[in-house]
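Engineer: Input: one structure, supplied below.
Just so it is clear, none of the values below were taken in a lab; they were calculated from the coordinates. Just so it is clear, the model here is predicted, and its values are computed rather than measured. Every residue, glycine as well, gets a Cβ built from its backbone with ideal geometry; the counts of neighbours run over all protein chains shown.
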């Protein structure tokens, strides 16, 4: 099949989260798309954040941060937090703030899911800090739970694609993981 | 707003990619959902991969790996690669294999997007290796390019949610990033 060389600056589909930090004495929130789970047990995630932002300073100072999952209904406020820097603008009143057990990682009370994280390691890459954090506690709106677990369908999160800079909903179901390939497994063995 | 404590093992929406490695002399592919960009320039990404899999061995031995973005049409083959281990099963003929400039990171010629990566650092977490790689080259089907850049809409990638273990399409557009919050910025200043 014909393939052509393209810029290596390829962007995968991204979950949209808001990273919460304490800057000085106030809560600050920044939308982040470079975020994924990093370890299963204990649960950890990582976020790639440009060092030019105020957020890495708050993370380094407190050793903690929060990861909040906004619903699509919170798109405008989420996007606003990416348009202005916490270094110059007080974003502490954009959302209702909640402080959890860590005491230094402000969460967003009105997001359907919020996680408190303790820094495990910060890998300094050329432009970005890759912040690895253990999820020490998580909170959710009971309306997004099924059997006690967070169901993303109910959260109605945003997925960001670039370079078209488009916020999207979760799309239609195409199949089931650890299931869709069972026919091939039966054919090929394994 | 009422929030309840939930398991910290929360899963964000994930892009579905296939990580390619050379195991001994053969190509091997493993689906990975814990993957995001980590650095802008040079472009880097990271993948969280359980050390029980064969893939981390191939990555450590060669210092390279590939990240391939399957389209939803490749869901069955993608899922199959997650059902059997490269330690015991030869998955080198599931896809058409292409070797790029690194020579040790097998790519999938029939995926709309494929990236060759050189390992920058491997962070050993308790259960997972967080593999950070520089994207040294990328290749795409010309049909998924707009102005020379990869458009995810055209790729038709899979997004995985857990614990419902559902592969999904990209959903409908909800708004534009760096734009949807401009009204709030005008109101609030910044």
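Engineer: To the nearest 500 deg cm²/dmol, what mean residue ellipticity at 222 nm is calculated for chain A from DSSP H runs of n ≥ 4 alone, each contributing -39,500 (n - 2.57), summed and divided by the residues? Intermediate results must be reported in sequence, preceding the final value.
Structural biologist: Details: 4 runs with 28 residues, N = 190.
That comes out to -3500 deg cm²/dmol.
Engineer: Averaging over all projection directions, find the projected area of the Cα convex hull of segment B:56-190 and quote it in nm² with one decimal place.
Structural biologist: 12.2 nm²
Engineer: What percentage of all Cα-Cα pairs in segment B:1-116 are separated by more than 23 Å? Each step should come with its number before you reach the end.
Structural biologist: On the way: 1942 of 6670 pairs.
The calculated P(r) of segment B:1-116 puts 29 percent of pairs beyond 23 Å.
Engineer: Could you compute the FRET efficiency for residue A:61 and residue A:187, with r as their C-beta to C-beta distance and R0 at 51 Å, rounded to 0.05?
Structural biologist: 0.35
Engineer: Now for a different question. Taking the Cα atoms of segment B:121-189, report the difference between the largest and smallest coordinate on each principal axis, in whole Å and largest first.
Structural biologist: Each principal axis gives a Cα extent; for segment B:121-189 these are 46, 36, 31 Å.
Engineer: Express the relative contact order of segment A:48-190 as a whole percentage, based on alpha carbon pairs under 8 Å and six or more residues apart in sequence.
Structural biologist: 22 percent
Engineer: While we're here: Hey, in the GNM for chain A with a 10 angstrom Cα cutoff, which one of A:26, A:176, A:51 fluctuates hardest?
Structural biologist: A:176
Engineer: Another question, then. Given segment B:1-49 reduced to its alpha-carbon atoms as identical point scatterers, what log10 I(q)/I(0) does the Debye formula return at q = 0.13 Å⁻¹?
Structural biologist: Scattering profile of segment B:1-49, log10 relative to I(0): -0.51.
Engineer: Bins of 10 Å, beginning at zero and ending with the bin holding the largest distance: percent of Cα pairs per bin for the protein assembly as shown, please.
Structural biologist: 5, 25, 35, 24, 9, 1, 0
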